[in-house]
Amino acid sequence: MITIEEFKKKQSESVRLIGLDLGSKRIGVSICDEKQSIATPFKTINKTDKDELINELKKIINENNVKGIVIGYPINMDGSLGSSAQSVNDTAKNIDEAINIDICLWDERLSTVGAFNLSSQLDINVTKREKNIDQNAAAFILQGAIDFLNN
């Protein structure tokens, strides 16, 4: 894994990236366009085992010509790292060992709350919001990262 600053130096401006929101039961996946201007919710993967997750990610990467992964890093509001951050760090390391593209962690504080609030402003019903919250949170994470990369 590399830092977001190293990621910025290594990535060209015309490649697709995916964003991941690693939850305990589901993993939200988002993808951006080649110009890295817009992150779009892509899909939600039910978390079963490590190998299935790796295979699913490889499939998404190959089918969409993805060159980098941004993983949401759940830092506590006070900046400390809790058990969720450790779990994400462990999963990110497993992905990094199995997939040979650049991977970085992105501070995801408030991404799920932001995604839920944004969807409520769009007048989407609660059932649909909850169904898509993981991939929407992943898009929120990826959008924050690509905004940083483009500045």
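Below is a table of values for the structure above.
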| read-out | value |
| --- | --- |
| Some residue of the range 51-64 being buried (at least 17 other Cβ atoms within 10 Å of the Cβ), under 21 Å from Asp147 (Cβ atoms) and aliphatic (A, V, I, L, M) | no |
| Residue among Glu6, Glu34 that is within 12 Å of Ile146 (Cα to Cα) and of a type in the set (D, E, K, R) | Glu34 |
| Matching residues, the range 90-112, being within 13 Å of the chain's Cα centre (by Cα) and part of a helix (DSSP H, G or I) | Thr91, Ala92, Ile95, Ser111, Thr112 |
| Subset of the range 130-147 [among the hydrophobic types (A, V, I, L, M, F, W, C), more than 9 Å from the chain's Cα centre (by Cα) and modelled with pLDDT under 90] | Ile133 |
| Out of Gly19, Gly28, Gly72, Gly68, sole residue that is over 20 Å from Phe148 (Cα atoms), surrounded by 20 or more Cβ atoms within 10 Å (Cβ to Cβ) and of a type in the set (Gly, Ala, Ser) | Gly28 |
| Selected residue (criterion: modelled with the lowest pLDDT) from residues of the range 108-129 that are of a type in the set (S, T, N, Q) and touching a helix residue (DSSP H, G or I) at 6+ places or on another chain (Cβ under 6 Å) | Ser119 |
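The values are calculated or read from the model by the stated rules, or taken from the named source; none is laboratory data. Everything numeric here is computed off the predicted structure, so don't read it as measured data. Note that each Cβ is placed from the backbone with ideal geometry, even for glycine, and that neighbours are counted across all protein chains shown.
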